[in-house]
1. Looking at region 18-45 only, could you name the residues that are of a type in the set (D, E, K, R), under 17 Å from ASN57 (Cβ atoms) and at pLDDT below 95?
2. Could you tell me whether any residue of region 7-17 is in a helix (DSSP H, G or I), among the aliphatic types (A, V, I, L, M) and exposed (fewer than 15 other Cβ atoms within 10 Å of the Cβ)?
3. Among the listed residues SER24, SER46, identify the single one that is surrounded by fewer than 17 Cβ atoms within 10 Å (Cβ to Cβ), touching a residue at least 12 places away in the same chain (Cβ under 8 Å) and of a type in the set (Ser, Thr, Tyr).
4. Suppose we filter region 76-107 for residues that are assigned to a loop (DSSP other than H, G, I, E, B) and at pLDDT 95 or above; how many remain?
5. Out of all the residues in region 56-70, which are assigned to a helix (DSSP H, G or I) and among the polar types (S, T, N, Q)?
6. Of the conditions (1) surrounded by 12 or more Cβ atoms within 10 Å (Cβ to Cβ); (2) not in a helix (DSSP H, G or I), LEU73 clears all except one; give me its number.
7. Among the residues of region 7-17, is there at least one that is aromatic (Phe, Trp, Tyr) and modelled with pLDDT of 95 or more?
Amino acid sequence: MYGNSTQRRNNVDPYLTQKVMSASPEQLIAYIYDAAITGCAREDRSRAMRAVQELINALNFDNIEIARNFLNLYRYILDQIGKGEFNEAKQLLTEFKSIWTQAMKVQ
């Protein structure tokens, strides 16, 4: 049990760590979308659901109407992932990431 945790920490990619640590908040959201999309592509329910939950956690409720709409969309995606409908979830996440990167001018 402890060996796996220690081993994972020791195998952390320093390039990836630097990439995440130097990313803007907008870039971090794009990375989370990537993790969710990858989770769906690999049919890794746990990874995909954790990433979508992070997207939910990142919602800004200062604009309650927009945040609620995204919350409902993310809940739908979580439901699809839970049902094993990875292709639909991946398609929606890919569209959302594209819109996000264009709107935020993220590379």
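1. GLU26
2. yes
3. Testing whether each residue is surrounded by fewer than 17 Cβ atoms within 10 Å (Cβ to Cβ), touching a residue at least 12 places away in the same chain (Cβ under 8 Å) and of a type in the set (Ser, Thr, Tyr) leaves just SER24.
4. Looking only at that region, the number is 3.
5. ASN57, ASN69
6. LEU73 satisfies all of (1) surrounded by 12 or more Cβ atoms within 10 Å (Cβ to Cβ); (2) not in a helix (DSSP H, G or I) except (2).
7. Here is the first cut: in region 7-17, the residues aromatic (Phe, Trp, Tyr) are 15.
Keeping just the survivors that are modelled with pLDDT of 95 or more gives none.
No, that holds for no residue.
The values are calculated or read from the model by the stated rules, or taken from the named source; none is laboratory data. All values reported here derive from a predicted model rather than from experimental measurement. Please note: Cβ atoms are built from the backbone with ideal geometry, for glycine as well, and neighbour counts cover all protein chains shown.
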